[in-house]
Amino acid sequence: EIVIFESNFTKNLFIDNYFSNLESAHVINIGKDEYFDPAKVNLKSSNDFNHLLEEKFLLCVSHLYPYKNILRLLEAFKFSYQTVNKPIKLLIAGNKDYTAYNKLINEKIKELRLEDSVKLLGPVEKKMLRILYTKCLFLVFPSPYENFAYTLIEAMCCGAAIVCSDTTAMPETCGDAALYFDPHNTRDISKKMIILLRNEKLRNNLKKLALAKSKKYPNFKEVSNMTLEIIHNYH
């Protein structure tokens, strides 16, 4: 039998827990969407968000699921915002499918008095998402668990500086193209955010590393061909 995994993390997890004698295991990353390219950005198409793009902002792209760690991110952002003492916003793009969790997020925003600094954008179309990746100071990705963090691939393709969790598939996904934090430690999240907020040189270096890392990933067509080759060669 053939088993194809989207990351070495999922492969090792599966083999260690369920199938230690698996002989035909392959890793093929999910691939990149070549739509996400900073050279293709057209700011004239961003009328709905122009007022946001005029300000400096951090970006989080995540569906608002309970495991995505948004509440801790808000607490870390509050501390970071107060520490650097500069006008900055946090934009969070993603579906609000879980009503109860969405309520908790809004309550946390009010509790921390971040109504003017945090904007929940909801679902964002690809054209606008590409602009947000390209224009943000950096992407914050606090999820503690991902089989393969496709959001990080999109961000790297757009040359975004990234600060993200040091768990599961995130280090494998970004390599040296990110600054990492412990997603279970609010203080560490804020510490790494503060470092990037204060260090423009580091942000610019991470942007270059992100673009370089993104070029190592196959596109969707290449992923399909790699998968077909494995299937055809299996006897």
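Across region 79-85, rounded Karplus estimates of 3J(HN,Hα) from the backbone phi angles (6.51 cos²θ - 1.76 cosθ + 1.60, θ = phi - 60°) give 5, 5, 4, 5, 5, 7, 6 Hz, Gly and Pro being marked x. Dividing the Cα radius of gyration of region 61-183 by its Kirkwood radius returns 0.93 for Rg/Rh. For region 90-235, what's the relative contact order in percent, using C-alpha pairs closer than 8 Å and at least 6 residues apart? Answer for region 90-235 is 19 percent.
Test of understanding: what is the full-extension gain from Asn85 to Lys215, defined as 0.36 nm times their sequence separation minus their Cα-Cα distance? Extra length available between Asn85 and Lys215 comes to 43.2 nm. Less than 5 angstrom separates the built amide H of Phe181 from those of Cys164, Ser165, Asp166, all sequence-distant by 5 or more or on a different chain. Applying the Karplus relation 6.51 cos²θ - 1.76 cosθ + 1.60 with θ = phi - 60° to region 147-163 yields 3J(HN,Hα) values of 5, 7, 7, 5, 4, 5, 5, 4, 5, 5, 4, 8, x, 7, 5, 10, 10 Hz, where x marks Gly and Pro. Taking the DSSP bridge list for the chain and keeping only pairs wholly inside it, about 0 percent are antiparallel. Normalised size of region 111-235, defined as Cα radius of gyration per 2.2 N^0.38 Å with N residues, equals 1.21. A Förster distance of 45 Å, applied to the separation of the beta-carbon atoms of Arg187 and Ile231, puts the FRET efficiency at 0.40. Computed over protein heavy atoms with a 1.4 Å probe, the accessible surface of the chain works out to 52 Å² per residue.
Amide hydrogen proximity for Ala169: with H placed 1.01 Å from N in the peptide plane, the residues at 5 or more positions away or on another chain lying under 5 Å are Glu146. Dividing the Cα radius of gyration of region 150-211 by its Kirkwood radius returns 0.95 for Rg/Rh. Over 34 Å apart: what share of the alpha carbon pairs of the chain falls there, rounded to a whole percent? That fraction is 17 percent. Under the convention that each Lys and Arg Cβ holds +1 and each Asp and Glu Cβ holds -1, the size of the dipole of region 110-235 around its Cα centre is about 600 debye. Amide H contacts for Val118 (H built 1.01 Å from N in the peptide plane; partners 5 or more residues away or on another chain; cut-off under 5 Å): Leu90.
The values are calculated or read from the model by the stated rules, or taken from the named source; none is laboratory data. Bear in mind the structure is a predicted one, so any value in this text is a computation, not a measurement. With ideal geometry, Cβ positions are generated from the backbone for all residues, glycine too; neighbour counts draw on all protein chains shown. SASA here: full protein model, heavy atoms, side chains in, ligands and nucleic acids out. Shrake-Rupley method; radii C 1.70, N 1.55, O 1.52, S 1.80 Å.
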